[in-house]
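Comments concern the structure below.
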Amino acid sequence: MRIDVLSLFPNMFQATMGESIIGKAQGNGFLDLQVTDFRDYTTDKHNHVDDAPFGGGAGMLLQPQPIFDAMDAIEKETAGKYPRGRVILMDPAGRRFDQDYAQELAQEEHLTFICGHYEGYDERIRQLVTDEASLGDYVLTGGELAAMVMIDATVRFVPGVLGNMASPMGDSFSNGLLEYPQYTRPADFRGMKVPEVLTSGNHQKIREWRMKESLRRTLHRRPDLLESAPLSREQQRMLEDIQLDEDPDVPD
């Protein structure tokens, strides 16, 4: 996968994206991550990339010219190697990013993230994009941190990056539920013991315990997820059992 990022602060990505799983993905050839400082493409003699909005108003807007020219340069460099792919504008008004969105983006060969700064964008920049994305209902000082979060969550689904594809598929939210509790050695730590079922060797019982505890944790911490989670009949039965165990007054 090739990921391009347009940013005024490329050093932020060099410091963060060169470490851990993302760094290994680049070193192993699963990810080609390139960050372009679009200030390098300004034609303004003072290297300005922003200007005041027509009609007045607070703040400054990113001008279209540097970003359009930077995109032209990326397309010229990747021509014949990668399709243009999806171009994602980091914007608080965009689609809310979640696990499903990450899996969707991981299917692409080429992604480009445009990180804004200042008050906003010249509206014409949106003609370049296929997606507008947001982490949530709050405003950051720039799109860099949001882009890094999206890249990290997305690259984990690229085959080969984690080695074991069962790992990302078992994460919280991948099946609409929170992940079940997990334990490692020692089996007894300061009197806190690992549930016996996990050391029993009975894989069917372990599977059932994990499913039930995933439902229990979701019910306690994020009950809103249960409204849209695609529960099987087995999971629905387990959820009813959990609710009955915890509140015997609930009618069955």
Given the condition of a type in the set (S, T, Y), touching a strand residue (DSSP E or B) at 6+ places or on another chain (Cβ under 8 Å) and either open to solvent by 80 Å² or more (accessible area, probe 1.4 Å) or touching a residue at least 40 places away in the same chain (Cβ under 8 Å) (or both), answer yes or no: does some residue in region 42-61 qualify? no
Which condition number in (1) under 20 Å from V158 (Cα atoms); (2) open to solvent by less than 70 Å² (accessible area, probe 1.4 Å); (3) charged (D, E, K, R); (4) not in a loop (DSSP other than H, G, I, E, B) is the one that E108 fails? (4)
Suppose we filter F30, F38, F68 for residues that are open to solvent by less than 80 Å² (accessible area, probe 1.4 Å), touching a Pro at 6+ places or on another chain (Cβ under 6 Å) and of a type in the set (A, V, I, L, M, F, W, C); which single one remains? F38
Quick check on region 177-233: of everything there that is touching an Asp or Glu at 6+ places or on another chain (Cβ under 8 Å) and part of a loop (DSSP other than H, G, I, E, B), which residue is surrounded by the fewest Cβ atoms within 10 Å (Cβ to Cβ)? P181
Name the one entry in M17, M71, M90 that is aliphatic (A, V, I, L, M) and either on the phi > 0 side of the Ramachandran plot or in contact with a Phe, Trp or Tyr (Cβ under 7 Å, 6 or more places away or on another chain) (or both). M90
Going through region 99-129 one residue at a time, which ones are farther than 30 Å from L177 by Cβ, among the polar types (S, T, N, Q) and touching a residue at least 24 places away in the same chain (Cβ under 8 Å)? T112
May I ask you to list the residues in region 1-57 that are among the hydrophobic types (A, V, I, L, M, F, W, C), in contact with a Lys or Arg (Cβ under 8 Å, 6 or more places away or on another chain) and modelled with pLDDT under 95? I21
Kindly provide the set of residues from region 71-101 that are surrounded by 13 or more Cβ atoms within 10 Å (Cβ to Cβ) and farther than 20 Å from Q34 by Cβ, ordered by number. D91, P92, G94, F97, Q99, Y101
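The values are calculated or read from the model by the stated rules, or taken from the named source; none is laboratory data. This one's a predicted model, so the numbers in the text were calculated from it and none came from an experiment. In this analysis, Cβ positions are derived from the backbone assuming ideal geometry, glycine residues included, and neighbour counts consider all displayed protein chains. Areas reflect the complete protein model, heavy atoms only, side chains present, ligands, DNA and RNA absent. Shrake-Rupley method; radii C 1.70, N 1.55, O 1.52, S 1.80 Å.
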